[in-house]
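Enquirer: Let me give you the structure first, and then I'll get to my questions.
The values are calculated or read from the model by the stated rules, or taken from the named source; none is laboratory data. Here the structure is a predicted model, which is why all the values come from computation and not from measurement. Here the Cβ positions follow ideal geometry from the backbone for every residue, glycine too, while neighbour counts run over all protein chains shown. Heads up: the accessible areas ignore ligands, DNA and RNA and are worked out on the full protein's heavy atoms, side chains in. Shrake-Rupley method; radii C 1.70, N 1.55, O 1.52, S 1.80 Å.
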Amino acid sequence: MKKEFTTTYNEFESFRELSKIQSKLLEEAYHAYLNAYAPYSNFRVGAAVLLENDKVITGFNQENASYPCGMCAERVALYSATAQFPSIKIISIAICCQTFDLSENPPAPCGMCRQVLHEFETHNNDQIEIILGHPKSKILIFDSCSALLPFGFDQINLKRNP
Ligand code: THU
């Protein structure tokens, strides 16, 4: 039997259409993006994580001459947030990428970062909003990581049968 997935998201033309919180978070991601350490790929990414205690934790991609040592902006921000506030829920993440064609959709997080977001959603038993954009591009908002990662792998899959 053939089955189908559909994904829904909201599209906006500018920061002005977002809520104050969403717009501030995306601005923080943009500032992080400006500081990205990407001398090898020249592809900058910035991320800003909003926690339930209203703190915003930012990160940007960290590259290395030994390429596999590098880390995506999203995971830098997410792990930094949970290291500083281990028991505080993640509400939202804004991601700002270098966008070559500003009329196109902004780039979405890589598979590993989606899997990490899925882990936090499962752990917190709540959705994490994902905001993608750049001051000069359109903005996409997903209510949950599951819109970007169907069939995420989680702890239930690790449970052994009795
Ligand atoms: N990158 C991110 O920071 N996030 C993603 O979701 C995709 C890729 C970074 C990793 C590397 O520094 C550069 O972008 C090119 O892949």
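Enquirer: Give the residues of region 50-67 that are open to solvent by 80 Å² or more (accessible area, probe 1.4 Å) and either touching a Gly at 6+ places or on another chain (Cβ under 6 Å) or within 11 Å of the ligand (Cβ to nearest atom) (or both), sorted by residue number.
Expert: TYR67
Enquirer: Which residue pairs have Cβ atoms closer than 9 Å, lie 6 or more positions apart in sequence or on different chains, and pair a first residue in region 67-78 that is closer than 18 Å to ASN42 by Cβ with a second residue that is among the basic types (Lys, Arg)?
Expert: Here the result reads ALA73/ARG44, each pair linking region 67-78 to a residue that is among the basic types (Lys, Arg).
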